[in-house]
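Take a look at the structure set out below.
The values are calculated or read from the model by the stated rules, or taken from the named source; none is laboratory data. Here the structure is a predicted model, which is why all the values come from computation and not from measurement. Cβ placement follows ideal geometry from the backbone for every residue including glycine, while neighbour counts extend to all protein chains displayed.
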Ligand code: SF4
Ligand code: SF4
């Protein structure tokens, strides 16, 4: 699915659709960056989010003929979780005008309550209920749900978020992947360094953890991507996060197990500048930095209850911005 158009082209990935991100933004972001030519879009393994991403991709595919692979993020721990809403419909009085139903952007609510697979936890219904009957809860994708979710979503690739000390649980997730018989063209492994005061890990610890994971994955015969997260969940915005990511790549990039290398977790428009031109990774993933530059345009559309792609001129501007953002990687 990754199409490297010329030998020097690097692939680019958009990370969006993490827990509780506005679903309308996900659709627009996927449309914008598909049109701009990203090779992969990485979203949470959550049906409602995948549906929004697919809608955006479909819009851009019809107009621009680009077709990025859909990668879903799963975890071998509890670090990827979702908020969802719930209420007991038997407690709703018959006279209620059902404002909860009207505000739900994914049409998850009907007379029988909230359909779990459609709810992505935006919280709008919670504030709309005059009787405060709606509450939220945390939902983790258990390993039992994972096989079913994979069968429903049919992603092109998965990214497994792991931590250095979670080898046992990583093995279990790989077993589920295998048993689900999902046809994957890539498996990406994302493992960051814990830099907390009480548990500071070194790049060498990370290297060892990645080789352990390689031993588990190598017999699957699926191409692997090692995602180096310089600063996991950093927000990606300052030049220093970029430097952290580049530093980690320069320190252990040449000793990683066989596979492709992708930078993330701290990447932004500065990252390319900090890398040596003769030593570039195979690809790069952008999260907050790519999303943030689109926010004013997307918000304008949403305040008018529309998608950005319903405003052709503004959409064209967004796509141009996205192309400029990706350009160093597409022509390096
Ligand atoms: S409005 Fe309520 S039911 Fe609908 S997606 Fe948001 S939290 Fe879920
Ligand atoms: S707004 Fe509250 S009371 Fe009315 S249908 Fe929704 S959950 Fe029930």
Tell me yes or no: at least one residue of the stretch 262-278 is assigned to a loop (DSSP other than H, G, I, E, B) and at pLDDT 90 or above.
no
Matching residues in the stretch 98-122 (part of a loop (DSSP other than H, G, I, E, B), more than 10 Å from ligand 2 (Cβ to nearest atom) and at pLDDT 85 or above) number 5
Residue count for the stretch 61-75, restricted to those that are buried (at least 24 other Cβ atoms within 10 Å of the Cβ) and not in a strand (DSSP E or B):
1
Within the stretch 147-185, the count of residues that are within 25 Å of residue 87 (Cβ to Cβ) and either surrounded by 14 or more Cβ atoms within 10 Å (Cβ to Cβ) or outside the structural domain of residue 46 (by TED's automatic domain parsing) (or both) comes to 1
Using the structure shown, decide if residue 49 is over 24 Å from residue 327 (Cβ atoms), buried (at least 24 other Cβ atoms within 10 Å of the Cβ) and touching a residue at least 24 places away in the same chain (Cβ under 8 Å).
yes
Which of the residues that make up the stretch 76-93 are assigned to a loop (DSSP other than H, G, I, E, B) and modelled with pLDDT of 95 or more?
87, 88, 92, 93
Any chance the stretch 279-294 includes a residue that's in the same structural domain as residue 210 (by TED's automatic domain parsing), modelled with pLDDT of 90 or more and more than 25 Å from residue 57 (Cα to Cα)?
yes
Any chance residue 125 is within 25 Å of the chain's Cα centre (by Cα), farther than 23 Å from residue 73 by Cα, within 16 Å of ligand 2 (Cβ to nearest atom) and not assigned by TED's automatic domain parsing to the domain that holds residue 45:
yes
Output for the stretch 124-161, where each listed residue is more than 13 Å from ligand 1 (Cβ to nearest atom) and assigned to a helix (DSSP H, G or I):
143, 144, 145, 146, 147, 148, 149, 150, 151, 152, 153
Pick out the one residue from 320, 270, 307, 330 that is in contact with a helix residue (DSSP H, G or I) (Cβ under 9 Å, 6 or more places away or on another chain) and surrounded by fewer than 16 Cβ atoms within 10 Å (Cβ to Cβ).
320
Output the number of the condition that residue 63 fails; it satisfies all remaining conditions of (1) away from ligand 2 (no atom under 15 Å from the Cβ); (2) under 28 Å from residue 315 (Cα atoms); (3) within 23 Å of the chain's Cα centre (by Cα).
(3)
Against the definition (over 19 Å from residue 44 (Cβ atoms) and either surrounded by fewer than 21 Cβ atoms within 10 Å (Cβ to Cβ) or in contact (Cβ under 8 Å) with a residue 12 or more places away in the chain (or both)), how does residue 144 come out, yes or no?
no
